[in-house]
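Here the structure comes first, spelled out in structure tokens, and everything after it is commentary.
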2 protein chains.
Amino acid sequence: MDFIASLTAIVGARNVVSTPEDMAQFMTDVRRTYQGHARCVVLPGSTQEVSDVVKLCDRHQIPITPIGGNTGLVGGAIGLESPLGILLSLKRMNRVREISLVDDTITVDAGCVLQDVQQVAADADRLFPMSLSAEGSCQIGGNIATNSGGVQAIRYGVMRELVLGLEVVLPTGEILDGLLKLRKDNTGYDIRDLFIGSEGTLGIVTAAVLKLYPAPKSVVTAMLAVQSVDDALAVLTLMRGAFGERVTSFECTHADYMDVVLENVHNTRAPFETRAEWYLLVEVMDSNPDADLADIMETTLEKAFEQEKLTDAVIAQNQAQADAFWHLRHGVSEAIRHAGPNMSHDSSVPLDRQGVFAERARQDIGARFPECKVLCVAHLGDGNMHIVVLFKPGRFETPADYKAASAEIDEIIDAIVVDLAGSITAEHGIGLSYRGRLAKTSDPVEIRLMKGIKSVFDPKNIMNPGKLFLD
Amino acid sequence: MDFIASLTAIVGARNVVSTPEDMAQFMTDVRRTYQGHARCVVLPGSTQEVSDVVKLCDRHQIPITPIGGNTGLVGGAIGLESPLGILLSLKRMNRVREISLVDDTITVDAGCVLQDVQQVAADADRLFPMSLSAEGSCQIGGNIATNSGGVQAIRYGVMRELVLGLEVVLPTGEILDGLLKLRKDNTGYDIRDLFIGSEGTLGIVTAAVLKLYPAPKSVVTAMLAVQSVDDALAVLTLMRGAFGERVTSFECTHADYMDVVLENVHNTRAPFETRAEWYLLVEVMDSNPDADLADIMETTLEKAFEQEKLTDAVIAQNQAQADAFWHLRHGVSEAIRHAGPNMSHDSSVPLDRQGVFAERARQDIGARFPECKVLCVAHLGDGNMHIVVLFKPGRFETPADYKAASAEIDEIIDAIVVDLAGSITAEHGIGLSYRGRLAKTSDPVEIRLMKGIKSVFDPKNIMNPGKLFLD
């Protein structure tokens, strides 16, 4: 039996997709940077089928690239031309297996869409707190493979902190059943956290036990204006003192970026009459319906005004106003799609260097490309600043021109990030896009250990080869 | 130059301890289960000295066992007779390197005593939340190597969740500088979390960046009486709904254990007139000095009474009363030292199976040893129950008799833990003591991966050999 026939025998004919038309949706990434390649796309319906498919590929030494909702930003789910392999989509595996209200856990197939998991949790009067703009289509397996971040990480952490247990099919086809609901487990090395953020290179996550939290019952949302990042951080310290972990989002947008949003996104209006230097979107939530969050927020804002850390502030009086604030924040991606060619970055540096980082990025990029705009938007509480370099439409005559400028800007930003002891990729990962930058900016000893781990898990290098590492 | 002379050249003569008298304090564990062996104890004063010592050992293929405060409960810091190696104590490396109030981080040498780190944080109006009974002498490096748990893990997590960055000396002597203050970093595999909980078998942690939290300014402590573990869990759900993450401790002691504490520990008295089945110690903290925690606690307790989940409750009216409640909780270790020969366990099972776990342990152990007492105390919010089997003084004629009974009880408890999808060691680790139990209860595939990782990091097997794995 040939390879395709064997696949068909495992998952059924309709779950082996091999015509160009049917494969098309899997063959390019959401940013349309890459054109992928694959023998076929396989859609297994169970963990056992995944295992059987992987065993078959192991025998034939055929590479496997797992794909989730295909919302990744670094080409991690793009199949390579050589060696030509298969794409493995988990979208048929989308069951919620179990919810435990006593344990505050939900056990789900990796193919579940994030928003569906959020909804099941909400229906059970709980919160699953991972929240990001792709939540309507990204899948839990992808969130785990890329260790996603999002807009509530300041309170609930990144995906790593929301996973208790994993079921994984190893590159040998063996099934590792680690679907434990345990918050404490010291039985040897932390294998679980190796899979999280490994971008499909160590195995295929087929299911996960995720943490739930009490559902928020009180919320206060405020838009603030500050003159500097350091003032924003002083406000953060005040907020944490007043609310503790209840500070759920602390997002920060620079005025130049806010202008681009206001120009390019429908149904937006400036939050204040006077243009501020930086805008903060602060959201605080409490599971107690009687929490007096607005009162505490007012007291805290007064204190911030007294200390001259704030220039303007408005507390949302209703959901519509809170939504309008969030629309401004979430508008950043749409805005740049309309505004012109751009390169966006995903860096983290320590919080006390965020201001220096933004300033140096603007200076150094501005010195090389005086005509561009350097825009900043940050999950400030996490130290994660996205720098977007925006050019006028038509600035680059060819894709090669754009690529050359992009590479130069990468180098400029990476130099600053390394100097400030930061990370070149805070939440997006490495994938295909940033392998060179990882190799350049990492300690070679660490890369050696990573490659050693890879060879232990995947000695034949069939799991998503060509990702993370250059060679 | 011979090996000892070379060591002396690195760290100085006074920092190579080799007489039996001076080595004695390092040669047995706190439970006095083991007699250790070593060529000498080396006390380096810097990361560079650690690196030089390790390089020397690497050349001579001499094993290294790192030792912190020597408070571990599983013999992880015990040197073996063969192959005979050195003990490496980090107690001279006890500097706080940096504290950042903006980042809410503290960077410390691994030899810092936990309580000193707590104190430095408190002096800076912050909280370092790791808290356990050995905090006066255990060291941060040991907390990291064993992924310690403690009494506030329900809110702040175990040690793994409190570490942002690590500096590690690898078994090659290479220094891995990962002292990053980042809350988001997706540059490849999660090497950091491999070191955490690896019990000194993958390298020597020399420094760490730890998370700080706002200092608590309001606190409410309550002692509650409930009739069953399920009722206790219902109370936990109510508390989480009312207080969210502010539930900081949720400790649970069975009546039989409370009796042993009351009999054997000074300055204790029963919290209620009527003996309850289970006692809960609940502590809630808030960084806001004006938080109305006592009001919310009263409302929540009323609700719990209405739902018939509680039989008794008292809110501490002052610090002395709160201390008295904690004295009862912390008295569990002292109590059994006085009460008779005992075996204590450290299991976790899902929260919704805690009650079944306690019940089955009492039944199955009672069936085999009808004369013993099976005592239970739990960090219930973490699903971590310690079962202590207590015998009358003189019950075992020889240490071998004790050992044989202990091994039987291990088997009984492990069978239940495995059946309930739990962990045989929730917070104490494996070390020397539980290697056989790990090998017996783990998935062989997972053990194979762990050993593969070990060989990548430590190909000559010089880092704490004989720990974790049987061979």
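Condition (residue is within 14 Å of another protein chain (Cβ to nearest Cβ), more than 16 Å from the chain's Cα centre (by Cα), over 30 Å from residue B:58 (Cβ atoms) and not in a loop (DSSP other than H, G, I, E, B)) applied to the range B:125-132: is it met by at least one residue?
Yes, that holds for at least one residue.
For the range B:413-467, which residues satisfy the criterion of being β-branched (Val, Ile, Thr), within 27 Å of residue A:103 (Cα to Cα), in contact (Cβ under 8 Å) with a residue 40 or more places away in the chain and outside any loop (DSSP other than H, G, I, E, B)?
Result: B:413, B:416, B:417, B:425.
What are the residue pairs meeting all of these: first residue in the range B:296-321, first residue outside any strand (DSSP E or B), second residue at pLDDT 95 or above and loosely packed, with under 15 Cβ neighbours inside 10 Å, Cβ atoms under 7 Å, and 6 or more apart or on different chains?
Filtered contacts from the range B:296-321: B:311/B:227.
Could you tell me which numbered condition residue B:266 fails, if it satisfies all but one of (1) modelled with pLDDT of 95 or more; (2) within 14 Å of another protein chain (Cβ to nearest Cβ)?
Residue B:266 satisfies all of (1) modelled with pLDDT of 95 or more; (2) within 14 Å of another protein chain (Cβ to nearest Cβ) except (2).
Among (1) modelled with pLDDT of 95 or more; (2) within 20 Å of the chain's Cα centre (by Cα); (3) within 13 Å of chain A (Cβ to nearest Cβ), where does residue B:440 come up short?
Going through the list (1) modelled with pLDDT of 95 or more; (2) within 20 Å of the chain's Cα centre (by Cα); (3) within 13 Å of chain A (Cβ to nearest Cβ), residue B:440 breaks only (2).
Return yes or no: is residue A:245 farther than 30 Å from residue A:144 by Cα and charged (D, E, K, R)?
Against the criterion (farther than 30 Å from residue A:144 by Cα and charged (D, E, K, R)), residue A:245 does not qualify.
How many of the residues making up the range A:102-124 are touching a Leu at 6+ places or on another chain (Cβ under 8 Å) and of a type outside the set (S, T, N, Q)?
Matching residues across the range A:102-124 total 12.
Pull up the range A:267-293, narrow it to residues that are free of Cβ contacts under 8 Å to residues at least 60 places away in the same chain and touching a helix residue (DSSP H, G or I) at 6+ places or on another chain (Cβ under 9 Å), then point me to the one that is surrounded by the fewest Cβ atoms within 10 Å (Cβ to Cβ).
Across the range A:267-293, the extreme among qualifying residues is A:269.
Condition test on residue B:359, is it under 27 Å from residue B:149 (Cβ atoms) and either at pLDDT 95 or above or aromatic (Phe, Trp, Tyr) (or both)?
yes
Name the single residue that is nearest to the chain's Cα centre (by Cα) among those in the range A:347-372 being part of a loop (DSSP other than H, G, I, E, B) and hydrophobic (A, V, I, L, M, F, W, C).
Out of the qualifying residues, it is A:349.
Considering only the range B:102-115, state which residues are part of a loop (DSSP other than H, G, I, E, B), touching a residue at least 60 places away in the same chain (Cβ under 8 Å) and more than 21 Å from residue B:88 (Cα to Cα).
B:103, B:104
Which residue pairs have Cβ atoms under 7 Å apart, sit 6 or more places apart or on different chains, and have a first residue in the range B:36-50 that is more than 14 Å from residue B:78 (Cβ to Cβ) and a second that is surrounded by 22 or more Cβ atoms within 10 Å (Cβ to Cβ) and hydroxyl-bearing (Ser, Thr, Tyr)?
These pairs meet every condition: B:43/B:89; B:47/B:206; B:50/B:206.
State which residue is farthest from residue A:31 (Cα to Cα) when the search covers only the range A:443-470 and only residues that are polar (S, T, N, Q) and more than 23 Å from the chain's Cα centre (by Cα).
Going through the qualifying residues, I end up with A:455.
Name the one entry in B:54, B:41, B:30, B:50 that is surrounded by 14 or more Cβ atoms within 10 Å (Cβ to Cβ) and part of a loop (DSSP other than H, G, I, E, B).
Of B:54, B:41, B:30, B:50, the one residue that is surrounded by 14 or more Cβ atoms within 10 Å (Cβ to Cβ) and part of a loop (DSSP other than H, G, I, E, B) is B:30.
From B:105, B:19, B:65, which residue is more than 18 Å from residue B:466 (Cα to Cα), buried (at least 19 other Cβ atoms within 10 Å of the Cβ) and out of contact with any Phe, Trp or Tyr (no Cβ under 9 Å at 6 or more places or on another chain)?
One residue alone meets the criteria, B:105.
Taking residue B:167 as meeting all but one of (1) outside any strand (DSSP E or B); (2) more than 9 Å from every other protein chain (Cβ to nearest Cβ); (3) touching a residue at least 40 places away in the same chain (Cβ under 8 Å), write down the number of the exception.
Of the numbered conditions (1) outside any strand (DSSP E or B); (2) more than 9 Å from every other protein chain (Cβ to nearest Cβ); (3) touching a residue at least 40 places away in the same chain (Cβ under 8 Å), the odd one out for residue B:167 is (1).
The values are calculated or read from the model by the stated rules, or taken from the named source; none is laboratory data. The shown structure was predicted, so the numbers you read here are calculated from the model rather than taken from an experiment. Glycine also receives a Cβ, built like all others from the backbone with ideal geometry; neighbour counts cover every protein chain displayed.
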